[in-house]
Amino acid sequence: METLKLPGPNARKIIERDHAVISPSYPRSYPFVMDHGLGCEVWDVDGNRFLDFAAGIAVNSTGHSHPKVVQAIQEQAAKFIHISSDFYHLKWVELGEYLNRIAPFSEPSLSFMTNSGTESVEAAIKLARYYTGRSNIIGFLGGFHGRTLGAVSLTASKPAYHKGFYPLMNGVVHAPFPDPYHPLLLGRDGEDYGETVIRYIEEEILYKIVPADEVAAILVEPIQGEGGYIIPASGFFPALRKLCDKYGILLIADEVQAGVGRTGKWWSIQNFGAEPDIICAAKGIASGMPLGAMIARKRIVTWPRGAHGNTYGGNPIACAASLATLELIEKEYMLNAAEVGSYALDALREIQTRHSSIGDVRGIGLMIGVEFVKDLKTHVGDDELRDRVVDLAFERGLLTLGCGKSVLRISPPLCITRSQIDHGLEILEDAITNSEKGY
Ligand code: PLP
């Protein structure tokens, strides 16, 4: 298969200039310098074309520069770009109404608009503390919730997110995530692994570390993203809901990566038979315009005027982009995510039969993880191989991203077609074959 010489001369120059003036803290997976994009394809500044299996980490849900999203942004920009959150405007209200209609609660909701995922999580933490009058929050190992101090304190996917930033927020305890491929806890006979984790939370955390009546919330990604695209054991969510109800603890679902149609349902927790009390959204909600939302059951949003706010929340352009995005997802792309996602999953499982380096292929809809291992029995991850596959795929014209220790994530725009999946997987398999050979 033909490979590109990357980075090209134009990309090289821009990267050099970037290094001179931009903070070095950004992760930067590989030297892709974007020029423009359309649908599921992107072009770099040297004219190289790539198929996009990353979508800016699950953000470009309707593809790059969808004409309807562009039109909504242009029309709104021509009317007004900003009015502070001290005032009102129609698009903000319309978005609130839309989110209320699609929120995963069997009762009305209220939304607080934010500018990012981490800000949605901060809002959820503050609301949970405010409503319950309790301080502590339980999170999960491998969880990722953002990088502001509250959210990063609940993040537990890499020590790099904490290194040099202590002291973090007080009142945080982490439990193992119910990862069936890497179980940390010993289950009892006949017990689903998800129930084992809940038993651990109740018997070890609530009875030994933090009193249940001082726990405000349990914060969980229904499918862990940054942690490795991990789908929880099936008994987990029903048991978690029961535990929360038993102790008056709020259940917060961080849907920033997995939500907004990516799994074929509006919210990924809807795949697991439990209703949360609060959800945190961002990323795919506005096709790449910076918008997030903390959506909560109306009856728990008891904080008064002035308790929480922001300058840009409910930005009219972001709201207009979000309304256009949600309509496209509802009419077309959510179903596409389910159908094309299951097609991609089957194709990847077939590829897995030809590669002993692939330990696990898992996913729901268009949130798919491919885990590379050194040993099929012990499941020890092969991060070097995974990194190599990501790099070789890039050289072959496919954008992917890693996550977890040794997982490659596939999170394309939700409008991707079967033939684009075929093309991308052909590149991916070539990258895997060559990586296994040590190229
Ligand atoms: N929560 C989850 C599940 C995420 O995946 C992310 C970002 O990757 C965040 C929160 C933080 O979002 P942001 O980077 O927009 O602050």
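Every number in this text was worked out from the coordinates using simple rules, so none of it is lab data. Since this is a predicted model, take the numbers as computed values, not measurements. Counting neighbours? That spans all protein chains shown, and the Cβs are built from the backbone with ideal geometry, glycine included.
Annotations
- Charge tally in the Cβ shell below 9 Å around Val256, where Lys, Arg are +1 and Asp, Glu are -1, Val256 excluded: -2
- Computed magnitude of the charge dipole of the range 369-439 (debye, nearest 20; Cβ of K, R +1, Cβ of D, E -1): 180 debye
- Taken as Cα centroids, the range 57-130 and the range 289-341 sit 3 Å apart, rounded to the nearest whole angstrom.
- For the range 8-119, pairs of C-alpha atoms spaced more than 26 angstrom apart make up 43 percent of the total.
- Calculated translational diffusion coefficient of the range 243-394 (10 °C, 1.306 mPa s; Stokes-Einstein with Kirkwood radius over alpha-carbon pairs) equals 87 µm²/s.
- Cα-centred dipole magnitude for the chain, charges only on beta-carbon of K, R (+1) and D, E (-1), debye, nearest 20: 900 debye
- Annotation for Asp383 and Met1: the two label points, set 7 Å from Cα along the Cα-Cβ direction, are 2.5 nm apart.
- Basic side chains Lys and Arg get +1 at the Cβ, acidic Asp and Glu get -1 at the Cβ, and with that the dipole of the range 83-314 about its Cα centre reaches some 480 debye.
- Shape of the range 369-425, Cα gyration tensor, a/c cut at 1.5: prolate
- Ranking of Tyr343, Tyr229 by neighbouring Cβ atoms within 10 Å, starting from the fewest: Tyr343, Tyr229.
- Extension gain for Glu332 to Phe165 (0.36 nm times residue separation, less C-alpha to C-alpha distance): 55.8 nm.
- Dipole-positive endmost among Asn434, Leu127, Tyr88 within the chain (Cβ charges, Cα centre): Tyr88
- Debye intensity ratio I(q)/I(0), log10, the chain, q values 0.07, 0.09 Å⁻¹ (C-alpha model): -0.34, -0.57
- Helix-only arithmetic for the chain: the sum of -39500 (n - 2.57) across DSSP H runs with n ≥ 4, divided by the residue total, places the mean residue ellipticity at 222 nm at -10500 deg cm²/dmol.
- Multiplying the residue separation of Leu90 and Asp375 by 0.36 nm and removing their Cα-Cα distance gives an extension gain of 97.0 nm.
- DSSP-assigned coil residues among trypsin sites (Lys or Arg not before Pro) in the range 136-192, each with at most 13 further Cβ atoms within 10 Å: Lys163, Arg188
- Ellipsoid semi-axes in whole angstrom, largest first, where each is sqrt(5λ) of the Cα gyration tensor of the range 79-123: 21, 15, 8
- Relative to its residue count, the range 83-314 spans a Cα convex hull of 128 Å³ per residue.
- Calculated FRET efficiency, Glu191 to Ser25, Cβ-Cβ distance, R0 = 41 Å: about 0.45 to the nearest 0.05.
- Net lengthening on full extension, Leu141/Gln74 (0.36 nm per residue, minus Cα-Cα): 19.9 nm
- Between Lys246 and Asp213, the modelled labels are 1.7 nm apart [label points 7 Å from Cα along Cα→Cβ].
- For Thr148, net neighbour charge (Lys/Arg +1, Asp/Glu -1) across residues whose Cβ lies under 11 Å away: -1
- Spherically averaged projected area of the convex hull of Cα atoms, the range 145-258: 7.3 nm².
- Listed pairs Lys13/Lys158; Lys158/Lys437; Lys265/Lys331; Lys68/Lys283; Lys374/Lys437 exceeding 20 Å between Cα atoms: Lys13/Lys158; Lys158/Lys437
- Electrostatic tally near Lys242: other residues with Cβ closer than 11 Å to its Cβ, Lys and Arg +1, Asp and Glu -1, net -1.
- Inverting the pair-averaged 1/r between distinct Cα atoms of the range 131-187 gives 12.4 Å as its Kirkwood hydrodynamic radius.
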